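The values are calculated or read from the model by the stated rules, or taken from the named source; none is laboratory data. What you are looking at is a predicted structure, and each value in this text was computed from that prediction instead of being measured. FYI the Cβ positions are ideal-geometry reconstructions off the backbone, even for glycines, and counts take in every protein chain you see. With ligands, DNA and RNA removed, areas are computed over all heavy atoms of the protein, side chains included. Shrake-Rupley method; radii C 1.70, N 1.55, O 1.52, S 1.80 Å.
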Amino acid sequence: MVWSEQALQRCRQLPYGQQCVLDTDATSLSGNKSLVFQSQGFNRIGFAKVKYILNAVSSGYDALSLDTDILVWRNPLTYIARLRGVEIAATLEKCLAANDGLPAPTTKELMYNIGVTFFASTPRGTP
């Protein structure tokens, strides 16, 4: 999914056999150098992200969404696969070391961040 004609042309030149689609709803954001937190443009990006995820999940695909400032050192799907029964997984806004074998923290201070999210296309049910 791209937001400008230039990005569409560059996408089509990649050798991976991917589909390249221009999102005409978001083209006005192309080239915007400052999308300040909670600005109209910033919020439009968030809604566009939700649209892409919903389209993928509704089409029967699991969706892993990463912000562009995320650096992945290892395959995150390996970790997600261990979370049996999880239909939605998200990162936390603040760094937290947790033991996945223990119940999740219940403090009100934890805020989820959609910078890294996973959505299952079908209900998982715990095996």
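Kindly check whether there is at least one residue in the range 11-31 that is at pLDDT 80 or above, of a type in the set (Lys, Arg) and more than 22 Å from residue 123 (Cβ to Cβ). Yes, the range 11-31 contains at least one residue that is at pLDDT 80 or above, of a type in the set (Lys, Arg) and more than 22 Å from residue 123 (Cβ to Cβ). Considering only the range 1-10, state which residues are within 19 Å of the chain's Cα centre (by Cα) and outside any loop (DSSP other than H, G, I, E, B). 2 - this is the single residue of the range 1-10 that is within 19 Å of the chain's Cα centre (by Cα) and outside any loop (DSSP other than H, G, I, E, B).
Among the residues of the range 38-56, count how many are over 12 Å from the mean Cα position of the chain (by Cα) and not in a loop (DSSP other than H, G, I, E, B). Qualifying residue count for the region: 6.
Candidates are the residues of the range 83-96 that are at pLDDT 80 or above and under 16 Å from residue 113 (Cβ atoms); the one that is most open to solvent (accessible area, probe 1.4 Å) is 88.
Would you please name the residue that is least open to solvent (accessible area, probe 1.4 Å), looking only at residues in the range 63-75 that are within 12 Å of the chain's Cα centre (by Cα) and not polar (S, T, N, Q)? Looking at the filtered set, the residue picked out is 63. Does residue 80 qualify as being within 12 Å of residue 116 (Cα to Cα), of a type outside the set (Gly, Ala, Ser), modelled with pLDDT of 80 or more and not in a loop (DSSP other than H, G, I, E, B)? Answer is yes for this residue.
State all residues of the range 32-69 that are of a type in the set (Gly, Ala, Ser), at pLDDT 85 or above and out of contact with any strand residue (DSSP E or B) (no Cβ under 6 Å at 6 or more places or on another chain); if no residue qualifies, say none. Of everything in the range 32-69, those that are of a type in the set (Gly, Ala, Ser), at pLDDT 85 or above and out of contact with any strand residue (DSSP E or B) (no Cβ under 6 Å at 6 or more places or on another chain) turn out to be 58, 59, 60.
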